[in-house]
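Everything below concerns the one structure shown next.
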């Protein structure tokens, strides 16, 4: 369905949401103490972008946040996904502004380049109104102190109404003859386009999701691009370039930028230009966002030109109200800033993060390479069979990784065998390897689910296998590596390494890139661990990595 058609289909739902605004505005004006003749929205606001309905029931307790959420729900899912639209709830908007005030006075100009309906500007604007001594001067200054853009004209209209309502206490103090239309803080525009002025603070909950860029656009964003482009990464780069020196960027963003392969240039850019100063991980996404937000999310605070590498960390629980739990602080790396950033996810991670940050070795230093299983099965459907044919090879699926070994899951027998064409020969695996599930569920007790495909198992399966792409493959190219296949399996199976991986990434997906970023101990330590059995190894590793017991 084309976007225009999708929008046409949802116009009645949008009109119904906007038709609640006259009643909502009247309540705000009444609460502000305005006389009856000054409570009509037409006296202060522009005409709405769609015709309002007259028969909408009065919802007396509805807040601006609920109306904003209702607007997002009224959009076709295809529009939400295409433009990455979601709405920021009040507790999250307030929590983000508190994070700003933890590093800044918050007195300078504040801008939201992806403002939507303006939720993130409400806390600083409310603070500005409460501190105002002269209503005339405050109303004159407000558009210089606050601003925002969004491509959605309906969201901008809603946002201007919501933000104007915050100014009603000042408007009420003016004589009737001086009550000009309230300032329009938001405007329709592209938040990624060049803008004049340098705000002191940029707040944003930018759109998320991959986007295709033209050759010229890729050149524009080359400082942070590596592979696929993500909308929110572009907004982070643009914000760093726009904010004033010493200014603050406060963003509600997925945690993927902390560890993902596609964000390695972005990490290096941020560490160099605007280091991460504070990060707050959201404990859950359920009930937080209205829309299609599936990623783990955080509140990230960056300081342009900030010299400190220390990052203050916390977790935020939102169940109708927010509750913040302090986590141990961490430090950004001073070398290889593009690597995944090691940050605590729980209070007990203090020692683990501090110790692991000092380990320079990685899997590649011991001859190991991690990769994704090469078989994307739905691209090779015609080559896959339930019965073994001549020259067919068995497929190893994620379901076959069971209890640390590779076994043939009955559920996968109908798709067990594949005939490789000459051009597919690169998918053939004939050597011993460590296999690991790439996809896990949030409720799973472990992220690292490991199995060994040893030489005997390879022979048992016919001398060669093909690994499907929901499985990671770790292979060693060095015959004299101090990190043997058996030791690596046992290490990855320890609680310490599972926690270590979680501190590199909040994602439930287990990527080869992040596995290769796991900090490893020196060679002599590995050689000493080779002699330990499973029961001895886990506590020894925990002590070496400073992993506190539960």
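Throughout, read-outs are computed from the coordinates displayed, never taken from laboratory work. Only a predicted model underlies this, so the values are computations on that prediction, with no experimental measurement involved. Cβ atoms come from the backbone with ideal geometry, glycine included; neighbour counts cover every protein chain shown.
What is the fewest-to-most order of 244, 477, 507 by other Cβ atoms lying within 10 Å of their Cβ? Walk me through the intermediate numbers first.
Numbers: 244 16, 477 11, 507 21.
Ordered from fewest to most neighbouring Cβ atoms within 10 Å, 244, 477, 507 come out as 477, 244, 507.
Express as a percent, rounded to the nearest 5, the fraction of DSSP beta bridges in the chain (both residues included) that run antiparallel. Please list the in-between numbers first.
On the way: 47 of 68 bridges.
The antiparallel fraction comes to roughly 70 percent.
Helix 3-18: angle to the longest alpha-carbon principal axis of the chain, degrees 0 to 90, nearest 10?
Helix 3-18 sits at roughly 50 degrees to that axis.
Quick check: the angle from helix 495-504's long axis to the longest principal axis of the chain, C-alpha only, nearest 10 degrees?
Relative to the chain, helix 495-504 is tipped by roughly 40 degrees.
Please work out the Cα center distance from the stretch 481-550 to the stretch 140-209, rounded to the nearest Å.
Here the two parts' Cα centres lie 51 Å apart.
Hey, what angle do you get for helix 90-101 against the long axis of the chain, alpha-carbon based, 0 to 90 degrees rounded to 10?
90
Rank the residues 503, 476, 298 as a footprinting-exposure proxy: fewest other Cβ atoms within 10 Å of their Cβ go first.
Values: 503 23, 476 19, 298 26.
With the sparsest Cβ surroundings first, the list reads 476, 503, 298.
Grab the DSSP H runs of the chain that are 4 residues or longer, score each as -39,500 (n - 2.57), total them, divide by all residues and round the 222 nm result to the nearest 500 deg cm²/dmol.
After summing the helix terms and dividing by residue count, I get -9500 deg cm²/dmol.
Students often get this wrong, so try it: which of (1) 161, 59, 42; (2) 90, 50, 44; (3) 86, 57, 49 is Cα extents along the principal axes in Å as calculated from the structure shown?
Evaluating Cα extents along the principal axes in Å on these atoms matches (2).
For residue 179 and residue 127, calculate 0.36 nm times their separation in residues minus their Cα-Cα distance, and state this gained length in nm to one decimal.
Between residue 179 and residue 127, full extension yields an extra 16.5 nm.
Could you please rank 417, 341, 368, placing first whichever residue has the fewest other Cβ atoms within 10 Å of its Cβ? Let's see the in-between values first.
Details: 417 19, 341 25, 368 22.
In increasing order of surrounding Cβ atoms, one gets 417, 368, 341.
Taking square-rooted eigenvalues a ≥ b ≥ c of the alpha carbon gyration tensor, is the stretch 363-544 rounded, prolate or oblate, where a/c under 1.5 means rounded and, failing that, a/b exceeding b/c means prolate?
prolate
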